[in-house]
1. Would you kindly derive the ³J(HN,Hα) couplings of segment 156-162 from the backbone phi angles with the Karplus curve 6.51 cos²θ - 1.76 cosθ + 1.60 (θ = phi - 60°), listing them in order in whole Hz, with x for Gly and Pro?
2. What angle do you read, to the nearest 10 degrees and between 0 and 90, between the alpha-carbon axis of helix 3-12 and the longest principal axis of the chain?
3. Based on the Kirkwood radius over alpha-carbon pairs, what value in µm²/s does the Stokes-Einstein equation return for the translational diffusion coefficient of segment 3-182 at 4 °C and 1.567 mPa s?
4. Could you please rank Arg428, Arg131, Arg48, Arg415, placing first whichever residue has the fewest other Cβ atoms within 10 Å of its Cβ?
5. Please rank Ser91, Ser160, fewest neighbouring Cβ atoms within 10 Å first, as an exposure proxy.
6. How big is the Kirkwood radius of segment 198-437, worked out from every pair of different alpha carbons and given in Å to one decimal?
7. If neighbour count is taken as other Cβ atoms inside 10 Å, put Ser411, Ser150 in order from fewest to most.
8. Have a look at Asn135, Ile14, Leu52 and report the one farthest towards the positive end of the charge dipole of segment 3-182, computed about the Cα centre with Cβ charges (Lys/Arg +1, Asp/Glu -1).
Amino acid sequence: MSDIIHLKYQQKLISPEEAAGLVKSGDIVQYSEFVMFPDALDEALAKRKDELHDVTIRGVSFTQIPKPVIADPERKHFIMEDYHFSALSRSMHDKNLCNYMPFTYHQGPRSIRKYNEIDVAFIMVGPMDARGFFNLGPSNSVTAAVMEKSKIVVLEVNKSVPLCLGGNQEAIHITSVDYIVEGDNRPLMQLPPIKTSDTEEKIAELIVQEIEDGACLQLGIGGLPNAVGALIAESNLKDLGVHTEMLVDSYVDLYEEGLITGARKTIDKNKMVYTFAMGTNKVYDFLHNNPFCASYPANYTNDPRMIALNDKVVAINNCLEVDLFTQICSESAGTRQISGTGGQLDFILGAFNSHGGKGFICMSSTYTDKQGNLHSRIKAALTPGAIVTVPRSIVQYLVTEYGIVQLKGKSTWERAEELIGIAHPSFRDELIKSAQEMKIWRSTNKID
């Protein structure tokens, strides 16, 4: 490390309390994303609660509830906003302490650069290297845009952050930084393994039959992607590639089994491309200084045009409900925000335009409410207030434990027939009656 770089580091080094003192009433403060939560800066800001008013704290899928928000249950001082709801943000939304910021993921960086004003950015990073660069670790999606738009950039250095190679925009140079804080080097949050259900395993069996050698994978989060990954690991598939938004433990397992090589990818050949990672230490250790992995911002990984450049893209995502017109809701239960648009729309578009690509949206055919009542996820009409995540004109494949249907090129009555065919048998007659009333059913149609 040169003397000049070392001197710049020392000149910009301040305490967490001094960094929190940079925030003024009315400011917008943006935290780094996902598991890169700036702990020391957050705690210092919470201590200033009574001094500040109308401070907005923004993030992408908070993995911790900001302590200033916890300290302000009446929302007099701090406002929490999230671009993609985690379970924590959902719980705060239910208490009217968090708001959702709608955006389509691949447009996120551009949207921030064009329309968002940010006063202070609190960004967790890895230690500075000899050339003066701080690595963004496993969260790259909109961070570069946030730092570019922020009036003040404060980095919180954490030695536990893996060195995640690019790609691009995976690091920031000390000359672009205003202040540096040294944190207490807490380990990154680990996402506990999610147990797969019998229904998810049935769905996974159907999907894996659709995957070919050389396919390029995008797996979402949850039990279903885990089940798909486990079945792929037991398969004879060859030369799989990865171009995804979220990198999870399943990809590491597939790589170690020799199934992921990236050899047949059209772009980023022999690279595992992602925009953020979240899982256990298995994935963080795998990422560290690994040239097989490439971190990019979301305007690259999630751009449907980039996704489509690879052949045989297989995108696997979940939804909450679908209506007989094949409108997909993946982010709300009525008016209650559950998740966000995220990259689902991006990858469904990209997979369709990929040569040999397939975009799957999956769901269990039913769910049970708190009173023990069984409900169909395939409905005559979406629940009032439900958000359409994927328009009916964009949907390609839908999957339940009862089968897979391809909906492109199908009329409204054909779509209704296909959907009812993969609905739970207990609800099919009721759905047929609704389809008849909405005039999207041929009188001669029967469902076995």
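1. Coupling constants for segment 156-162: 10, 7, 9, 5, 7, 6, x Hz.
2. Roughly 80 degrees between the two axes.
3. Numbers: Rh = 16.3 Å.
The diffusion coefficient I find is 79 µm²/s.
4. Working: Arg428 19, Arg131 11, Arg48 16, Arg415 22.
So the ranking, lowest neighbour count to highest, is Arg131, Arg48, Arg428, Arg415.
5. Values: Ser91 13, Ser160 16.
Starting with the residue having the fewest Cβ neighbours, the order is Ser91, Ser160.
6. 18.2
7. Numbers: Ser411 10, Ser150 22.
Fewest-to-most ranking of Ser411, Ser150: Ser411, Ser150.
8. Towards the positive end, the residue furthest out is Asn135.
Readers should treat all values here as calculations from the given coordinates under stated rules, not as data from a laboratory. On a predicted model such as this, the values are computed, not experimentally measured, just so you know. Here Cβ is always computed from backbone atoms with ideal geometry, including for glycine, and neighbour counts include all displayed protein chains.
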